[in-house]
Amino acid sequence: LDWAEQARLFKELPDYLEQMALFAVNTGCRDGEVCRLRWTWEVQVPQLGTSVFIVPRELVKNGDERLVVLNRVARSVVEARRGIDPVHVFTYEGHPITRMLTSGWLRARNKAGLPQVRVHDLKHTFGRRLRAAGVSFEDRQDLLGHRSGRITTHYSAAELSRLLEAANRV
């Protein structure tokens, strides 16, 4: 998605899906990772004045734990959701959401004139924006949750700081 397409699509989405899509396009999370995101997976990083989420390996496509770095936009989405549900970050009418590809998504993409846009395109958009911003291949791998041989739970504050800076470039 380019920025104009994103604006058109997001304007048509129901509020709950718009928040989820905004989070996905700023973190590179897959649909299932966004839908299942839990508050217990949030890890505070006091040295950086922020937090990250660690998605358990059994819920990640490649079988590795997934580090989710929150840029400014993703952080604002998380803060707006805080306190709404004690377990899940994203809910609809008090219930967890199982997938973003709903009738609301389908209606919105058609109204926006983007009938071909898939939920997974949000992840691709984040990756393309990182590359356009000059983020290194290794940092893009880490931010997108691609298998890289590095263990996400062992990032130092300095490494997280670099990834946070990279994520904020989009």
**Report entry** Where trypsin sites (Lys or Arg not before Pro) fall in DSSP loop in segment 1-61, at most 15 other Cβ within 10 Å
**Finding:** LYS61
Report summary line: The alpha-carbon center of segment 91-151 and that of segment 7-65 are separated, in whole Å, by 9 Å
Report task. Filter the DSSP H helices in the chain by two things, a Kyte-Doolittle mean of at least -0.5 and an axial alpha-carbon span of 15 angstrom or more, and list the hits by number. Result -> 15-27, 157-168
**Report entry** Computed Kirkwood radius, in angstrom, where 1/r is averaged over Cα pairs of segment 1-45
**Finding:** 11.7 Å
**Report entry** Value at 222 nm in deg cm²/dmol, rounded to 500, when DSSP H runs of n ≥ 4 in the chain each add -39,500 (n - 2.57)
**Finding:** -14000 deg cm²/dmol
Query raised in the report: Roughly how many Å² of SER156 are accessible to a 1.4 Å probe, to the nearest 10?
Result: 50 Å²
Requested in this report: List the pair-distance distribution P(r) of the chain, using every Cα-Cα distance, as the percent of pairs falling in each 5 Å bin from 0 up to the bin containing the longest distance, rounded to whole percents.
Outcome: 1, 9, 19, 22, 21, 16, 9, 3, 1
Requested in this report: For a quick protection proxy, order the peptides 117-129, 88-100, 14-26 by their average other-Cβ count within 10 Å, most packed first.
Outcome: 14-26, 117-129, 88-100
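The values are calculated or read from the model by the stated rules, or taken from the named source; none is laboratory data. If you're wondering where the values come from, they're calculated on a predicted model, not measured in any experiment. Counting neighbours? That spans all protein chains shown, and the Cβs are built from the backbone with ideal geometry, glycine included. The accessibility values were calculated without ligands, DNA or RNA, using every heavy atom of the protein model including side chains. Shrake-Rupley method; radii C 1.70, N 1.55, O 1.52, S 1.80 Å.
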